[in-house]
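The values are calculated or read from the model by the stated rules, or taken from the named source; none is laboratory data. Predicted model only: the values in this text are computed from it and were never measured. Please note: Cβ atoms are built from the backbone with ideal geometry, for glycine as well, and neighbour counts cover all protein chains shown.
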């Protein structure tokens, strides 16, 4: 069966392709400025950048919020993600650029820049690049550049289903608060973690 593939150039086209047309493959062309509403990928959906300059940009005027929810077997591939917020999330629930809500989701060749401008976050919860409630497969190069003392590239999740699986990934974490990777269940081969300029 032929998979439905749609090229999108605006946020409205992206939402329509994901939620209404239920495209199997959504190709992002250019850098798309997105509204604050998160993107919920359905099972098996793929969001892919058309080239190395393509991606999604989110600018939250208030608290940082989750950006993309991945269900089982969904994939985000070859994409730039730029997220900026003025303050950290409230303590009600975890917020992350990628929330992994289904098994065997995939992040491949991701360059994410995360900025939270608030300097004090005692009353708030940290903001994460990835919150893996289920098994997440990483491939290629996954790069998180974090700006903010309470930003973490990968947030630890206590659920038994939470684990990171490598398909020959190079996970690069720059800045922010670096998690204790020995608390994660890391599976697979060629798992390279490169930690740079961590902020204590």
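Could you go through segment 11-22 and let me know if any residue there is part of a loop (DSSP other than H, G, I, E, B), within 21 Å of residue 152 (Cα to Cα), out of contact with any strand residue (DSSP E or B) (no Cβ under 8 Å at 6 or more places or on another chain) and modelled with pLDDT under 95.
no
Criterion first (surrounded by fewer than 17 Cβ atoms within 10 Å (Cβ to Cβ), out of contact with any strand residue (DSSP E or B) (no Cβ under 9 Å at 6 or more places or on another chain) and either free of Cβ contacts under 8 Å to residues at least 40 places away in the same chain or not in a strand (DSSP E or B) (or both)) does residue 62 satisfy it?
no
Say we look at segment 95-117 and pick out the residues that are under 9 Å from the mean Cα position of the chain (by Cα) and over 15 Å from residue 80 (Cα atoms); which of these is surrounded by the fewest Cβ atoms within 10 Å (Cβ to Cβ)?
99
If I filter segment 146-164 down to residues being farther than 19 Å from residue 125 by Cα and either assigned to a loop (DSSP other than H, G, I, E, B) or touching a helix residue (DSSP H, G or I) at 6+ places or on another chain (Cβ under 9 Å) (or both), which single residue comes out as modelled with the lowest pLDDT?
160
Report, by residue number, each residue of segment 117-145 that is closer than 15 Å to residue 63 by Cβ and either assigned to a loop (DSSP other than H, G, I, E, B) or touching a residue at least 60 places away in the same chain (Cβ under 8 Å) (or both).
Correct list: 117, 118, 119, 120, 121, 122, 123, 124, 125, 126, 127.
For segment 49-59, name all the residues that are more than 22 Å from residue 146 (Cβ to Cβ) and either surrounded by 15 or more Cβ atoms within 10 Å (Cβ to Cβ) or modelled with pLDDT under 95 (or both).
Scanning segment 49-59 gives a single hit, 50.
Quick one: in segment 28-49, which of the residues that are part of a strand (DSSP E or B) and touching a helix residue (DSSP H, G or I) at 6+ places or on another chain (Cβ under 9 Å) is farthest from residue 96 (Cα to Cα)?
Among them, the one singled out is 28.
Can you report the number of residues in segment 73-90 which are modelled with pLDDT of 95 or more, surrounded by fewer than 19 Cβ atoms within 10 Å (Cβ to Cβ) and outside any strand (DSSP E or B)?
Residues in segment 73-90 being modelled with pLDDT of 95 or more, surrounded by fewer than 19 Cβ atoms within 10 Å (Cβ to Cβ) and outside any strand (DSSP E or B): 1 in total.
Here is a check on your reading of the model: is residue 167 touching a strand residue (DSSP E or B) at 6+ places or on another chain (Cβ under 7 Å), buried (at least 19 other Cβ atoms within 10 Å of the Cβ) and at pLDDT below 90?
When the stated conditions are applied, residue 167 does not pass them.
So the check is Cβ under 8 Å with 6+ separation or different chains; which pairs have a first residue in segment 174-196 that's at pLDDT below 80 and a second one that's in a loop (DSSP other than H, G, I, E, B)?
Hits for this filter: 178/198; 179/155; 179/156; 180/156.
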